[in-house]
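Structure first, then comments.
The values are calculated or read from the model by the stated rules, or taken from the named source; none is laboratory data. Just so we're clear, the structure is a prediction, and the values are computed from it rather than from any experiment. In this analysis, Cβ positions are derived from the backbone assuming ideal geometry, glycine residues included, and neighbour counts consider all displayed protein chains. Ligands, DNA and RNA are stripped out before the accessible areas are found, and what is left, the full protein with its side chains, is counted by its heavy atoms. Shrake-Rupley method; radii C 1.70, N 1.55, O 1.52, S 1.80 Å.
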Amino acid sequence: MAAQETVDHKYVYDFSEGNKDLKDLLGGKGANLAEMTNLGLPVPPGFTITTEACQAYLATGREPDGLAGQIEAHLESLERAMGKRLGDPQDPLLVSVRSGAKFSMPGMMETVLNVGLNDQSVVGLSAQAGQNDRFAWDSYRRLIQMFGKTVCEVPGEEFEHALDEIKNAKRTHNDLDLDADDLRGLVDAYKKIFLKHTGREFPQQPREQLDLAIRAVFESWNAERAVLYRRQERIPADLGTAVNVVTMVFGNLGPDSGTGVAFTRDPASGAQGIYGDYLANAQGEDVVAGIRNTVPLQELEQLDKASYDELLGIMARLEEHYKDLCDIEFTIERGKLWMLQTRVGKRTAAAAFVIAGQLVDEGLIDLDEALHRVNGAQLAQLMFPRFQLDHEFQPVAKGIGASPGAASGAVVFTSARAVELAAEGKSVILVRRETNPDDLNGMIAAQGILTSRGGKTSHAAVVARGMGKTCVSGADEIEVNVPAKRFVVAGQTVNEGDVVSIDGTTGKVYLGEVPVMPSEVVQYFEGSLDPEHIDNALVRAVHRIMTHADGRRRLAVRTNADTGADAARARRFGAEGIGLCRTEHMFLGDRRELVERLILARDADEREAALEALLPLQRADFVEIFREMDGLPVTVRLIDPPLHEFLPPLEQLAVNVAVAQERGEDVAKEEALLAAVRRMHEENPMLGLRGVRLGLVIPGLFAMQVRAIAEAAVACAREGRVAKPEIMVPLVGAVQELETVRAEAERIIAEVVGDSGVEVLIGTMIEVPRAALTAGQIAEAAEFFSFGTNDLTQMGWGFSRDDVEGAFFWRYLELGIFGISPFESIDRDGVGRLVRIASEEGRAARPGLKLGVCGEHGGDPDSVHFFHEVGLDYVSCSPFRVPVARLEAGRAVVETGGSDSR
Ligand code: PEP
Ligand code: MG
C-alpha cells in the first residue's frame, strides 16, 4: 500500500494547478507563478516540482518513484502548449530550471538557464531569433557556464578567464563587443573546460540536461552557504526547495527587449509610486551582476509605452489581489511583456507601518490585518536612534546587523584598551576578528562592537544583543590586525584611536563620526510629536496602529521601574502600572553606609537604629513613585539580592585590613566588616541568602519596608492621590514562607492605613520551580502571582544567569539546541510549562487570582503571545519595551482569532 501511494504521489504541478497558498509544497516562487497564471497574467508556461520531491531526494539520494514519469508528462504538455519541443534542432523549446523554497533565500541556491540548447538547437534558436547568431551562441555559452558550475562543480573562474581572454584579444571590456564568431569560439573553449573537469563531453541530450539541472537544484538546498543562511535566518533545515521549470523568454533579443525589477511602493519608506529599474537588451542575471547600469523604470514609458502601461496595470492588479506591497521581476521579449516572478515584498520597519496604514485607507485591509502585518521587533527598531546620513557618509563595509542601534567611537582592538579608554569617558568601538568570553569586559565598556567574522548567532552578536549594545558582525571586508592595532578596509588603514561609526540595524560601517538622530517614534511616545498635527506618515501610522492594538488587547502592560523618573517615562509610553519595583536598588549609593550598619549590628538596638534611619528614605522613594503612578497599581518587591552585594569585595577588604594593620592603624571597624563579609560569603549567592530568606533571617527588615510602603500610600492619599500598592515577596518556594511574612505585614498595614481608604495587596513572585509546582497551596496566601521568569529560567534550566550567555550560549545556538536564548524568549516547553501549571493551579485554588510576569520576557514579542495564551492579566517590562508589549498584546488577540477587547 505504501509503495502504491509513493508511485501515485503527485510531485509535479502545472502552473495552472497551484495557487499562492501552496508555498509549503510549491515554494514561494512556484506558488506565486501559479497565482499569476490563474489571474490570467502573462506568465511563461511551466511547472513546479514540489518540495516533497526534494525532501525525498535528499533523504534517499535518488529521485522518488514516479517523478521522472510526471516530469515527462508535464514536459509533453508544455511542448504541446508552446508548439515546440525541448531541444528541437529547428525550433527548440528552452527552459530555465530555478530553485524556490518556501522562504526566500536570495542567491543561496541554484538556477540553470537555457536548458535545451546543444550543438544543433543553437542553430534553430538563431533562426527563431531572426538569424541572430550572436544571441544564440551567447545563450549557449551561458548554459555551459551555468550548467558546468552548478551541476558539475566546474570552478567558475575558469569560465571567467576564458571570457576575459577573448575580451582581451578583442581589446574590449564589454561583452556586447563580442560577435557571433567570438562566442562560437567561447563555446568551444567552455566545452574544453567542461571536459577537462568532468572527464565527459557537455551533455547534448536536452532531457539529460534537464534532469541533472533539477537534481543540482535539489542538492543546492544543502550547499554550505544555504545551510549557513538558514541557520542565521532560523529557516527550518528540512523544508527543501521546489524546482520551477519555466519556458525561457529573452530580454536580450534587441532594443525592443529588456528586463527589470519593480516594487509597487517604496520598500524603504512605504511611499506610494513606482519604484524599479529597467535594463534594455539584457537578461536578469545582467542586472544582478551590475554589468551595465539600469535606468529608472519610469523611462520604460518612452522606450515601450504599451509594455509600460500593461506593467502598471498588472502592478495595480497584483497589489489589489495580494493586498500588499509586491515586488516583481519581468522581461520584455520583442515588445511582449512577461511576468517572471512576484512576491509580497520585503520592506523596512518604517515602510511596514506606513504601508499597513495606507492599505487601510485604501480599503484593502482592515485594522486587525494592519496590526497583524507589523510587529514588535519592527517597532523596537524604530525606537533606536539612527544615523543622520547625508552624501558625505558612504559605508566602507557592510556586515550583519547583529544588534540594532547606532554607535560611534574610537577604535580599540583589545578588551583591556576598551576598558581603559571608557574609564577616561571616551566612547569606543571594540573591533575584533571575532569575540570570545575574554572580551566581555571590553564589550561592556564599548559603545559598539564590530567583528569581521561570524553571523547573527556568533558570540559577539548574542552577547551584544543581551546587553542591548550595538553590534555589526561578520564585516568580512575589514582585515583586522590586532597586534598592529589597526584594520584595513577598502584600501584605507584605520588605527587605534581613529573614529568609526557602526549601524547595528543595517550592518553598515562608516569612517568618522556620523551624527545621531533621535527616533521620531520615541518623540511621539514621549508626547512631543502630535500625530494629528504633523506631516509625518510614519508617526501617524504608528499612532493609528498602536491605538488599535490598545483597543484589542486583553493583557494589560505594566513597567519595571525603580525611580519616579522611570515610572513617569513608562507612563508616557503607555504603562498601566508598575509590575516590578526592585527595592534593592534603593539601598545603593550613599545609603550603603546605612546598610553596612544594619549588617554589622551587634544587637537589636543597633539593628533597629539602622532600620529607623532607612525608613524615611524608603518612604520618600515610594511617595515619589506612587505620585507618578497616581491611580495605577504599583507592585513593590521586598528586598531580594544577597546582602553581601552591598559590602566591599572580600579580597579588597582583606588587603586593606592587612595594610592598615602593618602600619599599626586602628582597624577595628574594618576587621568587623571583614569578618561579616567572610561570614556572608556564599559559593552560590543566587541560590543563597536572598529574597524571602533574607526577610526571615534579619528581623525588622521586611517590616521596615512594609511600613514605608503603607505610610507612603497614606501620605499620597492625604494629597488626594490614589496609591495602589501591591507588596510582593521574592523567591518564595513554600507557602509557609509567605504566610510568615504575610502575618507580620498584615499587622503593620492595619496599624498604618487605619481609615485612610488605602488598600494594600500582598502577593508573591513565582520564580522558584517549587513555587510553580505548589502554586495551589501558595495561592491560599497570595492575592497575586508575578512570574519571575529570569530566575525561573535560571533554576528551571540550571543556567547561572550571570555567566552562561557569554560562556557558551553561542555554541548552543550554533548547534541548534535552542534557536534563541531562553533568557530572551520564554522556553515554552519547559519554563513556560511551569508558568502554565502555576497559573492553572493558582487560579483553581483562588479564582480571580491576579497573574502577571515581570521577568525580561515580559517585553519579548513571542513571549507576550505566550502569556496571552496562558491567560495572564498583565506583562511588565522595562519602559522602552512598553510600546512593544502593547503592540504584541494586541497582535496576540488578532492572531488567535479572538474577539477579545478590553
Ligand atoms: C525574575 O527573576 O524574573 C525577576 C523579575 O527578578 P530579578 O530579575 O530581580 O531576579
Ligand atoms: Mg528574580
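For this structure, a couple of remarks:
- Subset of segment 769-805 [over 27 Å from the mean Cα position of the chain (by Cα), within 16 Å of ligand 2 (Cβ to nearest atom) and open to solvent by 20 Å² or more (accessible area, probe 1.4 Å)]: P769, R770
- Residue check for R678: under 48 Å from the mean Cα position of the chain (by Cα), of a type outside the set (D, E) and more than 16 Å from ligand 1 (Cβ to nearest atom): yes
- In segment 451-480, the residues that are part of a loop (DSSP other than H, G, I, E, B) and of a type in the set (D, E): D476, E477
- Condition broken by S756, with the remaining ones in (1) under 24 Å from the mean Cα position of the chain (by Cα); (2) part of a loop (DSSP other than H, G, I, E, B); (3) more than 16 Å from ligand 2 (Cβ to nearest atom) satisfied: (1)
- Looking across A750, A712, one residue alone is away from ligand 1 (no atom under 16 Å from the Cβ) and open to solvent by less than 60 Å² (accessible area, probe 1.4 Å). It is A712.
- If the condition is being more than 30 Å from V462 (Cα to Cα) and among the acidic types (D, E), then segment 201-247 contributes E201, E208, D211, E219.
- Residue in segment 715-732 that is farthest from ligand 1 (Cβ to nearest atom), counting only those that are touching a residue at least 40 places away in the same chain (Cβ under 8 Å) and in a loop (DSSP other than H, G, I, E, B): E719
- For V227, the conditions (1) in contact with a Cys (Cβ under 6 Å, 6 or more places away or on another chain); (2) β-branched (V, I, T); (3) surrounded by fewer than 16 Cβ atoms within 10 Å (Cβ to Cβ) are fulfilled apart from (1).
- Which listed residue, of D566, D562, D530, D550, is open to solvent by 20 Å² or more (accessible area, probe 1.4 Å), acidic (D, E), within 16 Å of ligand 1 (Cβ to nearest atom) and out of contact with any Pro (no Cβ under 8 Å at 6 or more places or on another chain): D562
- Being within 25 Å of R386 (Cα to Cα), in contact with a Gly (Cβ under 7 Å, 6 or more places away or on another chain) and at pLDDT 95 or above is a description that does not apply to G405.
- So G871, is it closer than 20 Å to R843 by Cα and open to solvent by less than 30 Å² (accessible area, probe 1.4 Å): yes
- Hits in segment 616-660 (condition: surrounded by fewer than 17 Cβ atoms within 10 Å (Cβ to Cβ) and within 16 Å of ligand 1 (Cβ to nearest atom)): E645
- Annotation note: of I709, I766, the sole residue that is more than 16 Å from ligand 2 (Cβ to nearest atom), at pLDDT 95 or above, at negative phi and out of contact with any Gly (no Cβ under 6 Å at 6 or more places or on another chain) is I709.
- Tally of residues being open to solvent by 40 Å² or more (accessible area, probe 1.4 Å), out of contact with any Phe, Trp or Tyr (no Cβ under 9 Å at 6 or more places or on another chain) and not in a helix (DSSP H, G or I) across segment 293-321: 1
- At least 3 residues being open to solvent by 60 Å² or more (accessible area, probe 1.4 Å) is the threshold, and among the strands (runs of 3 or more DSSP E) wholly inside segment 322-435 those reaching it are 336-344.
- Apart from one condition, L186 fits all of (1) in a helix (DSSP H, G or I); (2) within 29 Å of C54 (Cα to Cα); (3) open to solvent by less than 30 Å² (accessible area, probe 1.4 Å); the exception is (2).
- Where a residue in segment 83-102 is touching a residue at least 12 places away in the same chain (Cβ under 8 Å) and its partner, wherever it lies, is among the acidic types (D, E), with Cβ under 7 Å and at least six apart: L86/E79; L93/E79; S99/E110; K102/D24
- Scanning segment 499-522 for residues that are open to solvent by 60 Å² or more (accessible area, probe 1.4 Å), modelled with pLDDT of 90 or more and more than 16 Å from F393 (Cα to Cα) gives a single hit, E520.
- Matching residues in segment 168-215 - criterion: being of a type in the set (S, T, Y) and touching a residue at least 40 places away in the same chain (Cβ under 8 Å): Y190, T198
- Sole residue being within 16 Å of ligand 2 (Cβ to nearest atom), closer than 21 Å to L594 by Cα and not charged (D, E, K, R), chosen from V692, V697, V729: V692
- Conditions (1) open to solvent by 10 Å² or more (accessible area, probe 1.4 Å); (2) among the aliphatic types (A, V, I, L, M); (3) within 16 Å of ligand 1 (Cβ to nearest atom): number failed by V760: (3)
- Residues of segment 267-277 that are open to solvent by 30 Å² or more (accessible area, probe 1.4 Å) and either of a type outside the set (S, T, N, Q) or touching a Cys at 6+ places or on another chain (Cβ under 6 Å) (or both): A268, A271, G273, I274, Y275, D277.
- Residues located in segment 38-62, provided they are of a type in the set (A, V, I, L, M, F, W, C) and not in a loop (DSSP other than H, G, I, E, B): F47, I49, A53, C54, A56, L58, A59
- Tally, over segment 886-901, of residues that are assigned to a helix (DSSP H, G or I), modelled with pLDDT under 95 and under 16 Å from E576 (Cβ atoms): 0
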